[in-house]
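Notes follow once the structure below has been shown.
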Amino acid sequence: MGKILMKGNEAIGEAAIRAGCLNYFAYPITPQSEVAEYLSRRMPEEGGVFLQGESEVAVGYMLFGAAGCGERVFTTSSSPGISLMSEAISYIASAELPVVFVNIVRGGPGLGGILPSQADYFQATKGGGHGDYHLLVMAPASVQEAVEMVMTAFPLAEKYRNPVMILGDGLIGQMMEPVEFSDRLTSKPTNKDDWATNGMDTRKRKDRNLVKTLFLDAGQLEEHNLALKAKYDRMKQEEVRYETYNIDSDYRALIVSYGTMSRVCKTAIDNMKAEGFEAAMIRPQTLFPFPVLPIRQAASKDGCEAVISFELSMGQMVEDVERSVQGKCPVYWHGKAGGEIPTPEEVVDTVKSFVKTK
Amino acid sequence: MAKTYQKPEALSDQPTHYCPGCTHGIIHRLVAEVIDELGIRGQAVGIAPVGCAVLAYNYFTFDFQEAAHGRAPAMATGIKRVRPDLIVFTYQGDGDLASIGMGEIIHAANRGEKFTTIFVNNTVYGMTGGQMAPTTLPGQRTTTSPGGRNVQDVGMPIKIAELLSALQTPAYITRQTVLKPKYIVRAKKAVKKAFQYQMDGRCFSLVEFVSTCPTNWGKTPVEAIQWAEENMLPYYPLGEFKLPD
């Protein structure tokens, strides 16, 4: 199968099917409703499950129930919808269920707007729901990458028995780009008989399974929290993904940006290079775990005078950039919100304004 | 000598944490007996609520999931949609189902989800210490209605069986109780019917139980049964409110 032109939202829906996920529960919200519309047609064709829930709150628990049976399941939503699902996300993280969430982010807070944004960085990477937990968060910068991340997300969710979130800004969902699908995933969730409530008759082992999140005993809850922490630490060791751009140059500024914003930054870096000014970029592909060490290393390079976090938010990822750089280089933030996106010229001017030596 | 009465296989050996005079124990047993008699323990998945029955899974011997407050019907929907062969039931109290989970139960019933709900109505939030519920009777004193439920302020109690029966989608909706042996016999038939409808793939089914909470009502077990019969049954009449056809 060659490349076809496809809208991001529809490509995400198709990618899930090709990843072997035939269960989809969702609630309509702009700018991602096309996923539900697409899958309302495609899931029945594939013999899968499509259900439009009565609210994102309910959808969150439909995912819990389905994943608790050991079945592959996913949803798509956008910012206010993810807020409503955040209760379930906390329970899903605690019960260690492999669910994939796609958040096609729009501007906030509140109803905000329907234009692209990266304002849900904190929500995705630092919590959202209550309690000590983390999602594994991936951030695509193109429709093609969104497809690839969806294909990767399911096996990762199953490997760690942890919810995975794909954080795409509204442009990723709404934009049409050429996309190529890889072969269908043939892997199945393994070892689900050890924990899933798939019915005792389904399993060889005859004791029953429980999917629960209540630990009334302080010691038992702490043990659970420590086990979760060990899992998140393992993700930090094994799952950090990022891309570099112009990193082998004698750059004077290091840009950190992700998603749509990183594409603008690439153009800006090319434009600066043509003028004889070198800047480099690290583009996190996973936001949790965050590429802490690669950023620290790149910021420590001789001649690097500034690290700038470009974001479609009022300064969220910059906090992770600061803790990565650990004072080895000045860290700045530049961003826009409400659906506004910095132009390459604006990026160039900003970068140069932070570089002091002539 | 042949055993004529024994613990159902679906029920565990663990002593329950329920208070003396609480009806959860009897209702658990009815569910377990029905599961044994229908031979569905190996396909059964129960969903425990938030409330006194949050630990219900300790007393059953088959697969269980534990819900967030009120969300059990959404979880049952998720399970049943992806595994229609499993036999799924939610076990919920009145704070859980009639207050915070009202949205989930109405929509699950209206979609005709093929699972069963056991709804235990004792007019108060038991686990959190006896606060007012949507089902608290007019004038009934609770820890958050110390002067008695003022219906001018918070409205009349919600009759769940009647409310769900107003939906057009086919369903089996009944209200039962276990306050006396004669009621228990009838209630078991209703529970069995509810599960049978599910097994036949026919409809959503809900059995509401008029129940007691001696501890939070401040009554002895005997007084509580008497109070429930005298005060609850007139407002929450027993019977079958909706049949699938």
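The values are calculated or read from the model by the stated rules, or taken from the named source; none is laboratory data. Every value quoted in this text rests on a predicted model; they were computed, and no experiment measured them. Quick reminder, even Gly has a Cβ in these numbers, built from the backbone with ideal geometry, and neighbours come from all protein chains shown.
Values computed for the structure shown
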{"quantity": "Of all residues in the range A:191-202 being at the interface with chain B (Cβ under 10 Å from one of its Cβ atoms) and modelled with pLDDT of 95 or more, the one that is farthest from A:TYR160 (Cα to Cα)", "calculated": "A:ASP201"}
{"quantity": "Unique residue being closer than 29 Å to B:GLY139 by Cα and of a type outside the set (A, V, I, L, M, F, W, C) when the list is B:THR169, B:THR174", "calculated": "B:THR174"}
{"quantity": "Looking only at the range A:18-32, and only at residues there that are closer than 30 Å to A:MET200 by Cβ and of a type outside the set (S, T, N, Q), the one that is farthest from the other protein chains (Cβ to nearest Cβ)", "calculated": "A:ALA19"}
{"quantity": "Residues of the range A:203-234 satisfying the condition of being facing chain B (nearest Cβ under 7 Å) and in a loop (DSSP other than H, G, I, E, B)", "calculated": "A:ARG208, A:ASN209, A:LYS212, A:THR213, A:LEU214"}
{"quantity": "The range A:157-186: number of residues that are surrounded by fewer than 24 Cβ atoms within 10 Å (Cβ to Cβ), charged (D, E, K, R) and part of a strand (DSSP E or B)", "calculated": "1"}
{"quantity": "Contacts under 9 angstrom Cβ, first residue in the range A:91-105 being in a helix (DSSP H, G or I), partner buried (at least 24 other Cβ atoms within 10 Å of the Cβ) and polar (S, T, N, Q), 6 or more apart", "calculated": "A:ALA95/B:GLN65"}
{"quantity": "Test: A:ALA88 is in contact with a helix residue (DSSP H, G or I) (Cβ under 6 Å, 6 or more places away or on another chain), in a helix (DSSP H, G or I), closer than 20 Å to A:MET138 by Cα and more than 8 Å from chain B (Cβ to nearest Cβ)", "calculated": "no"}
{"quantity": "Considering residues of the range B:117-135 that are in a loop (DSSP other than H, G, I, E, B) and in contact with a strand residue (DSSP E or B) (Cβ under 6 Å, 6 or more places away or on another chain) only, the residue surrounded by the fewest Cβ atoms within 10 Å (Cβ to Cβ)", "calculated": "B:GLY130"}
{"quantity": "Selection within the range A:33-79 - in contact with an Asp or Glu (Cβ under 8 Å, 6 or more places away or on another chain), more than 7 Å from chain B (Cβ to nearest Cβ) and either of a type in the set (Gly, Ala, Ser) or within 20 Å of A:ILE114 (Cβ to Cβ) (or both)", "calculated": "A:GLU34, A:VAL35, A:TYR38, A:GLY60, A:GLY70, A:SER77, A:SER79"}
{"quantity": "Within the range B:67-116, tally of residues that are farther than 16 Å from B:ILE173 by Cβ, within 11 Å of chain A (Cβ to nearest Cβ) and part of a strand (DSSP E or B)", "calculated": "2"}
{"quantity": "Those residues of the range B:160-186 which are in a helix (DSSP H, G or I), in contact with a Phe, Trp or Tyr (Cβ under 7 Å, 6 or more places away or on another chain) and either surrounded by 17 or more Cβ atoms within 10 Å (Cβ to Cβ) or among the polar types (S, T, N, Q) (or both), in sequence order", "calculated": "B:ILE160, B:ALA161, B:SER165"}
{"quantity": "Residue count for the range B:47-66, restricted to those that are at the interface with chain A (Cβ under 7 Å from one of its Cβ atoms) and either touching a Phe, Trp or Tyr at 6+ places or on another chain (Cβ under 7 Å) or in contact (Cβ under 8 Å) with a residue 24 or more places away in the chain (or both)", "calculated": "6"}
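To keep it simple, each residue is scored yes or no on (1) of a type in the set (Lys, Arg); (2) outside the structural domain of A:ARG184 (by TED's automatic domain parsing); (3) farther than 23 Å from B:ALA108 by Cβ; (4) without any contact (Cβ under 8 Å) to a residue 40 or more places away in the chain.
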| site | (1), (2), (3), (4) |
| --- | --- |
| A:TYR38 | no, no, yes, yes |
| A:LEU51 | no, no, no, yes |
| A:VAL59 | no, no, no, yes |
| A:CYS69 | no, no, no, no |
| A:ILE89 | no, no, no, no |
| A:PRO109 | no, no, yes, yes |
| A:SER117 | no, no, yes, no |
| A:GLN123 | no, no, yes, no |
| A:LEU135 | no, no, yes, no |
